[in-house]
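Worksheet: one structure, shown below.
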Amino acid sequence: MDKDFILKTIEKTESPLKRHLLMVAFISNILEKSGKDTPIVIGGCALSYYSREVYFTADIDLAYSDTAALDNVLKGIGFRKEGRYWINDKLKMALEAPASTLIGEDSPIEIVELGEGLKCRIIGIEDLIIDRLNACKYWNSEIDCEMVELLIRRYVDEIDWPYMEKKASLPENNISNELNEIRDRIKK
């Protein structure tokens, strides 16, 4: 896979979401070729994916445990470290890895194929909804409240409800009542 070709493809891609996913897929490809695990897209970029770009984010958030390997890949493809972010000035792209892993080995993951052998992993819809419902409840984030409802409406028949209910009831979440209220409202 030619680094310059992929970076030019990313640069020419108009959709911010597709640009982000292509970058993560490229990073994943490099890591995979060196025998490493691949990162998982989380946060706003994952929300942009599942909301079909109703939600927009300017950066890419990843869950990845091998920060040294990720740092080396990012340096090698033109990113520079600035605070907690990695910045690529030419591509006008910012990336951070705020989480080392996803909680729980059974966390569902979405695999997105982007062509040219490129693919990336995205947090499952259930864990994204749990994350956003926590932000809605505990941070009083109105946009997250709206996004939870949008995601549940859009994916109501695809959601693994037993998994999500189990995660919502965990003490660190404690959002079962809120989840049930939204589901009941949507099903009416």
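We did not get these values from a lab; they are worked out from the coordinates using the rules stated. No experiment lies behind these values; they were computed from the predicted model shown. Cβ atoms come from the backbone with ideal geometry, glycine included; neighbour counts cover every protein chain shown.
Using alpha carbons only, how many degrees (0 to 90, rounded to 10) separate the axis of helix 67-76 from the longest principal axis of the chain? Approximately 50 degrees, to the nearest 10.
If you count the DSSP beta bridges with both ends in region 28-116, what percent of them are antiparallel, to the nearest 5? Can you show the working numbers first?
Values: 9 of 13 bridges.
Of those bridges, close to 70 percent are antiparallel.
Taking every Cα-Cα distance in the chain and sorting them into 5 Å bins from zero, the calculated P(r) comes out as 1, 7, 16, 20, 19, 14, 10, 7, 3, 1, 0 percent. Per-residue ellipticity at 222 nm, computed for the chain from helices alone with -39500 (n - 2.57) per DSSP H run of at least four residues, works out to -16000 deg cm²/dmol.
Where does each of 151-160, 24-33 land if you order them by average Cβ count within 10 Å, highest first?
On the way: 151-160: 14.2, 24-33: 19.8.
Top of the packing list down: 24-33, 151-160.
Charges were assigned to the Cβ only: +1 to each Lys and Arg, -1 to each Asp and Glu. The resulting dipole of region 126-187 about its Cα centre is roughly 120 debye. Here the average projected area of the convex hull drawn through the C-alpha atoms of region 122-175 stands at 3.6 nm². Between the C-alpha center of region 1-33 and that of region 78-154 there is a gap of 17 Å.
With 20 Å as the limit on Cα-Cα distance, the pairs of 36/90; 119/166; 8/119; 81/119; 33/81; 18/92 that go past it are 36/90; 119/166; 81/119; 33/81.
Cysteine residues of the chain whose C-beta has no other cysteine C-beta under 4.7 angstrom: 45, 120. Axis of helix 16-33 versus longest Cα principal axis of the chain: the two differ by about 70°, to the nearest ten degrees.
Nothing charged except the Cβ atoms of Lys and Arg (+1) and of Asp and Glu (-1): what's the magnitude of the dipole of region 1-145 about its Cα centre? Round to the nearest 20 debye.
Values: 18 positive and 24 negative charges, 108 e Å.
Charge dipole, region 1-145, about its Cα centre: 520 debye, nearest 20.
The angle between the Cα long axis of helix 3-12 and the longest principal axis of the Cα atoms of the chain comes to about 50 degrees, rounded to the nearest 10.
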